[in-house]
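Below is one structure, written out as structure tokens, with a few remarks after it.
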Amino acid sequence: MAFFWPCVLLLWLVAVGLAAADMKLDCGPGYLTLVWTDSRSQADPSLFRLGSCFPTSFTPRDVVFNVELDDCNFRRLVSGNELNYTNDLLYTSSPDSYVLPFTLPVVCSYQRPKNWYPMRYDPVFSTYGVEELVFHINLMNDDFSGPAVSTTFPLGSMIPIMASVEQVTHQPLLVLLEECVATTTPDLQIAADMYTIITNKGCLVDSEGSRSKFEERRDVSELRLLLQAFRFGLSQEVYIHCTMAAWDPNGLDNTKKACHYVKDHGWELLDNPVYSSLCDCCDSTCKARKARSPGAGNGLVQKAVIGPLTIIDLAS
């Protein structure tokens, strides 16, 4: 990760009931070193986690993490000219401890390299009984031939988004977007307001009142979405949170589908309009059914976020 510029060193004096404790963070090019020091040894050092990572080493007084930014489930976000890697330092506590569990933010900030656009998110996970899959979700240019060169979109314009899945030895899998919402924060859990784009296991509800639609597939492992820029979060940073799924192309049902609304026609199934009846539940509730192949259905699901992007009103 040598393309990163020098980082900002972040220091915190931490209270949470540990008056004598502090945390030192040293961000390097692609790695970080975090040292938690508690001179009174009030916390159990073995109960600390940095995201999904265990301590590299610890003593009764110090907890040390030496980790790569590609590990530990770091979240990569861009804000203005800054490229931020964020995570959480977690203390889980123990039943007989008087030190309460706590969570502290960990951020490594870099100056964004010129002409670098963080539109690609590559969550990797292990599925049940199949090879590792790599999901991508990207903002694209107008003809989907490459990444978007700008993250600013005029109100009413089309925002091209492409979701895809890479598979090594597994049978070809169909990529789907089960749910997508827009918020003004990269953390969905603290979002006060949100705008629903896709819901009900693959129903593009935004298409009912806009020009949003799914584009014809070029490959089963890709899903192209044209999203009409909306008023939600106008002139603010907007993040789109999605749940992606990879599925057997022959195993579509009313909970594994890609449906959009066609004016004067109704709901239409992208992959085979003949079976658009699978979309009938988009106006009610698409109930889950027993998982079918491949593997344990829910094992082929991954969450991701695109952003920030900015929607502006040129008429104002």
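The values are calculated or read from the model by the stated rules, or taken from the named source; none is laboratory data. Every value quoted in this text rests on a predicted model; they were computed, and no experiment measured them. FYI the Cβ positions are ideal-geometry reconstructions off the backbone, even for glycines, and counts take in every protein chain you see. Surface accessibility is based on the protein's heavy atoms, side chains included, excluding ligands, DNA and RNA. Shrake-Rupley method; radii C 1.70, N 1.55, O 1.52, S 1.80 Å.
With the condition kept exactly as written, say whether any residue in segment 26-34 is among the β-branched types (Val, Ile, Thr), under 19 Å from residue 74 (Cα atoms), modelled with pLDDT of 85 or more and more than 27 Å from the chain's Cα centre (by Cα). No, because not a single residue in segment 26-34 is among the β-branched types (Val, Ile, Thr), under 19 Å from residue 74 (Cα atoms), modelled with pLDDT of 85 or more and more than 27 Å from the chain's Cα centre (by Cα).
Among the residues of segment 183-219, which ones are of a type in the set (A, V, I, L, M, F, W, C), at pLDDT below 95 and closer than 17 Å to residue 243 by Cα?
So in segment 183-219, the residues of a type in the set (A, V, I, L, M, F, W, C) come out as 188, 190-192, 194, 197-198, 203-205, 214.
With the extra rule that they be at pLDDT below 95, the set shrinks to 188, 190-192, 194.
Correct list: 188, 191, 194.
Annotation: residue 309 fulfils all but one of (1) among the aliphatic types (A, V, I, L, M); (2) touching a helix residue (DSSP H, G or I) at 6+ places or on another chain (Cβ under 9 Å); (3) modelled with pLDDT of 90 or more; (4) closer than 26 Å to residue 154 by Cα; the unmet one is (2).
Which residues, taken from segment 197-233, are of a type in the set (S, T, N, Q) and either in contact with a helix residue (DSSP H, G or I) (Cβ under 9 Å, 6 or more places away or on another chain) or open to solvent by less than 10 Å² (accessible area, probe 1.4 Å) (or both)?
Correct list: 199, 200, 207, 212, 228.
Look at (1) under 15 Å from residue 261 (Cβ atoms); (2) touching a residue at least 24 places away in the same chain (Cβ under 8 Å); (3) assigned to a loop (DSSP other than H, G, I, E, B) and you find that residue 226 fails only one, number (3).
Answer yes or no: is there a residue in segment 158-169 that is under 16 Å from the mean Cα position of the chain (by Cα), modelled with pLDDT of 90 or more and not aliphatic (A, V, I, L, M).
Pass one, segment 158-169, residues under 16 Å from the mean Cα position of the chain (by Cα): 161-165.
Cutting the leftovers down to modelled with pLDDT of 90 or more gives us 161-163.
Now restrict to residues that are not aliphatic (A, V, I, L, M): none.
Looking through segment 158-169, none of the residues is under 16 Å from the mean Cα position of the chain (by Cα), modelled with pLDDT of 90 or more and not aliphatic (A, V, I, L, M).
The numbered conditions (1) touching a Pro at 6+ places or on another chain (Cβ under 6 Å); (2) closer than 24 Å to residue 158 by Cα are all true for residue 248 except (2).
Kindly check whether there is at least one residue in segment 143-150 that is assigned to a strand (DSSP E or B), touching a His at 6+ places or on another chain (Cβ under 9 Å) and either closer than 27 Å to residue 255 by Cβ or open to solvent by 40 Å² or more (accessible area, probe 1.4 Å) (or both).
Kept after step one, since they are assigned to a strand (DSSP E or B), are these residues of segment 143-150: 147.
Pick out the ones that are also touching a His at 6+ places or on another chain (Cβ under 9 Å) and you get none.
No: segment 143-150 contains no residue that is assigned to a strand (DSSP E or B), touching a His at 6+ places or on another chain (Cβ under 9 Å) and either closer than 27 Å to residue 255 by Cβ or open to solvent by 40 Å² or more (accessible area, probe 1.4 Å) (or both).
Checked against (1) within 23 Å of residue 301 (Cβ to Cβ); (2) surrounded by 16 or more Cβ atoms within 10 Å (Cβ to Cβ), residue 190 meets all criteria but (2). Residue pairs whose Cβ atoms lie under 6 Å apart, sitting 6 or more positions apart in sequence or on different chains, and linking a residue in segment 51-64 that is open to solvent by less than 70 Å² (accessible area, probe 1.4 Å) to a partner that is among the hydroxyl-bearing types (Ser, Thr, Tyr) and outside any loop (DSSP other than H, G, I, E, B), are 62/37; 64/57.
For segment 119-157, a residue qualifies if it is of a type in the set (S, T, N, Q) and either closer than 15 Å to residue 175 by Cα or modelled with pLDDT of 85 or more (or both), and the qualifying residues are 127, 138, 141, 145, 150, 151, 152, 157.
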